[in-house]
Amino acid sequence: MKLLKRQIKQKDGSGTILLRPETSEDLWHAFNLLQVGDLVRCTTVRKVVKESATGSTSSNKMRLMLTIQLQKVDFDPEVLQVRLSGPVTSENDNVRMGAMHTLTLELTQNFSIEKECWDQVFLDRIDEAVNPERQAEIAAVVMQSGLAHVCLVTGALTIVKSRIETNIPKKRTGSSQHDKAITKFYEAVYRAILQHIDFTKIKCILLGSPGFVKDDFYQYLLQESVRRDDRPFVENKSKFVLCKASSGHKHALEEVFADPGVMAQMSDTKFAQEVEVLQRFMKMMNDDPDRAYYGFDHVSKAHEQLAIESLLVTDELFRSSDVKTRRLYVQLVESVRATGGKVFIFSSMHVSGQQLQQVSGVAALLRYPLPDLDELEELAANAAAPDEEEDEVVRYEDPNRRLREDVEDMGFK
């Protein structure tokens with residue numbers, strides 16, 4: 001992502017930034033920067049209808065520069081597109097004010113975002129997006145007999161670049177159909193890797209499968225690359241890491257990333273750090289549950305006691321349409337950082353982020369054990385209860401007192 005212009009006021013955080021997305025991951029960052037109510041300005045194509053003096057009409061498509069106020073934001077993970085819709089707020093000779101329009105953000109197309117307040121989470125997202133070092137990527141191929149997924153794992157996305165599915169007949173005596181189908185399947189995976197993976201940007205390529213499917217394919221890849229003199233494979237064979245996966249489906253990546261040997265290959269990537277801290281949290285839930293809490297209420301109460309060492313939160317929570325809800329999470333993140341805690345914001349497009357979402361989307365590893373927070377709340381409620389009872393006793397110890405006071409007020413004794 002290129003940051004072309006940044007005008008944000010120190011006083012209230014309002015202002016405008018001008019950006020240019022250059023990779024598919026940049027579009028994901030743009031989606032996370034956008035919020036209902038923002039003003040977005042960029043070029044777009046719109047059908048314009050003109051009426052002549054005689055009453056006849058003609059229409060043609062024109063490229064215009066429009067500003068809309070966001071009412072809806074969508075991200076399509078299949079085609080990696082961001083679609084925005086809302087009323088037009090800028091004056092234009094061809095489009096009336098208030099007319100509804102839909103914009104599609106495209107690569108290498110400049111666009112500006114104007115907000116009433118750029119909070120710290122938004123600013124962190126911009127810093128992450130414009131950092132060129134985040135492009136240290138990982139490729140992963142999960143496969144089983146007849147099914148394979150070729151994926152790219154970036155700092156924020158797990159992108160399926162190719163799905164290969166081939167019918168593999170059973171082995172039969174005297175028939176070569178099974179072997180031919182396996183070779184055809186391996187050839188399709190071979191070509192998909194060659195087509196979709198840029199070996200100059202990839203740190204390692206994970207090959208995962210049940211049984212010996214990965215081993216057989218790897219041997220096929222080595223033999224074919226030498227025979228065909230495919231230099232990307234020959235020169236980068238050391239980047240391949242074979243590991244165990246239960247299937248050829250995308251969700252099997254969860255098991256691949258749980259392998260310590262795989263994580264050692266990815267130790268200097270943001271994604272690896274997130275996976276490692278999530279595994280620590282899950283382990284702590286079993287071994288020492290008083291040091292692992294999840295859910296906004298419990299995490300907030302743990303932070304009140306300055307006990308949070310690491311805060312884990314998914315970016316989906318910051319996309320809440322409720323401004324108050326988003327502000328609560330932003331304040332929690334800023335407060336934890338201010339007290340020396342580490343904050344990990346997980347992408348909901350990663351397997352790790354989807355795991356965290358299953359436990360409310362926010363969790364914390366604590367510096368020291370805390371008693372059960374529910375018990376603390378109950379003890380606090382019980383401690384306050386006797387005072388309330390005493391007040392009631394004082395108030396109602398003489399049921400006829402109020403009647404006597406009323407009679408005295410009326411002059412009767």
Of the criteria (1) in a strand (DSSP E or B); (2) over 30 Å from residue 120 (Cα atoms), which one residue 293 fails: (2)
Tabulated pairs, the stretch 336-351, first modelled with pLDDT of 90 or more and open to solvent by 10 Å² or more (accessible area, probe 1.4 Å), second part of a loop (DSSP other than H, G, I, E, B) and not basic (Lys, Arg), C-beta under 8 angstrom, 6+ apart or interchain: 339/306
Any hit, the stretch 168-184, residues being in a strand (DSSP E or B) and either in contact (Cβ under 8 Å) with a residue 40 or more places away in the chain or exposed (fewer than 15 other Cβ atoms within 10 Å of the Cβ) (or both): no
Criterion: at pLDDT 90 or above, within 22 Å of residue 204 (Cα to Cα) and surrounded by 19 or more Cβ atoms within 10 Å (Cβ to Cβ) - qualifying residue of 148, 156: 148
Among the residues listed as 331, 357, the single one being open to solvent by 30 Å² or more (accessible area, probe 1.4 Å) and touching a strand residue (DSSP E or B) at 6+ places or on another chain (Cβ under 8 Å): 357
Close pairs from the stretch 205-231: first open to solvent by 40 Å² or more (accessible area, probe 1.4 Å), partner part of a helix (DSSP H, G or I) and β-branched (Val, Ile, Thr), Cβ under 9 Å, at least 6 apart: 216/182; 222/234; 226/234
Candidate set from the stretch 185-202 (those that are among the β-branched types (Val, Ile, Thr) and part of a helix (DSSP H, G or I)); member that is farthest from residue 230 (Cα to Cα): 189
Which numbered condition residue 159 misses (of (1) β-branched (Val, Ile, Thr); (2) under 30 Å from residue 14 (Cβ atoms); (3) part of a strand (DSSP E or B)): (2)
Some residue of the stretch 32-44 being assigned to a strand (DSSP E or B), farther than 27 Å from residue 116 by Cβ and of a type in the set (Val, Ile, Thr): no
Total residues in the stretch 188-204, condition among the small types (Gly, Ala, Ser) and open to solvent by less than 20 Å² (accessible area, probe 1.4 Å): 1
Selection within the stretch 306-327 - under 16 Å from the mean Cα position of the chain (by Cα) and part of a helix (DSSP H, G or I): 315, 316, 317, 318, 319, 326
Filter pass, residue 142 being of a type in the set (A, V, I, L, M, F, W, C), at pLDDT below 85 and either open to solvent by less than 40 Å² (accessible area, probe 1.4 Å) or over 30 Å from residue 275 (Cα atoms) (or both): no
Residue in the stretch 98-109 that is closer than 29 Å to residue 343 by Cβ and either exposed (fewer than 14 other Cβ atoms within 10 Å of the Cβ) or not hydroxyl-bearing (Ser, Thr, Tyr) (or both) present: yes
Given (1) in contact (Cβ under 8 Å) with a residue 60 or more places away in the chain; (2) within 24 Å of residue 255 (Cβ to Cβ), index of the condition residue 358 fails: (1)
Odd one out for residue 15 among (1) open to solvent by 40 Å² or more (accessible area, probe 1.4 Å); (2) modelled with pLDDT of 90 or more; (3) farther than 12 Å from residue 111 by Cα: (1)
Failed item, numbered, when residue 36 is tested on (1) of a type outside the set (S, T, N, Q); (2) open to solvent by less than 20 Å² (accessible area, probe 1.4 Å); (3) under 32 Å from the mean Cα position of the chain (by Cα): (2)
Selection from the stretch 284-295 of residues that are open to solvent by less than 50 Å² (accessible area, probe 1.4 Å), more than 12 Å from residue 371 (Cβ to Cβ) and modelled with pLDDT of 90 or more: 284, 292, 295
Residue that is least open to solvent (accessible area, probe 1.4 Å), among those in the stretch 304-325 that are without any contact (Cβ under 8 Å) to a residue 12 or more places away in the chain and closer than 17 Å to residue 363 by Cα: 325
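The values are calculated or read from the model by the stated rules, or taken from the named source; none is laboratory data. A quick note: this is a predicted structure, and the numbers were derived from the prediction, not measured. As a convention, Cβ positions derive from the backbone with ideal geometry for all residues, glycine included, and neighbour counts pool all protein chains shown. Ligands, DNA and RNA are excluded from the accessible area calculation, which covers all protein heavy atoms including side chains. Shrake-Rupley method; radii C 1.70, N 1.55, O 1.52, S 1.80 Å.
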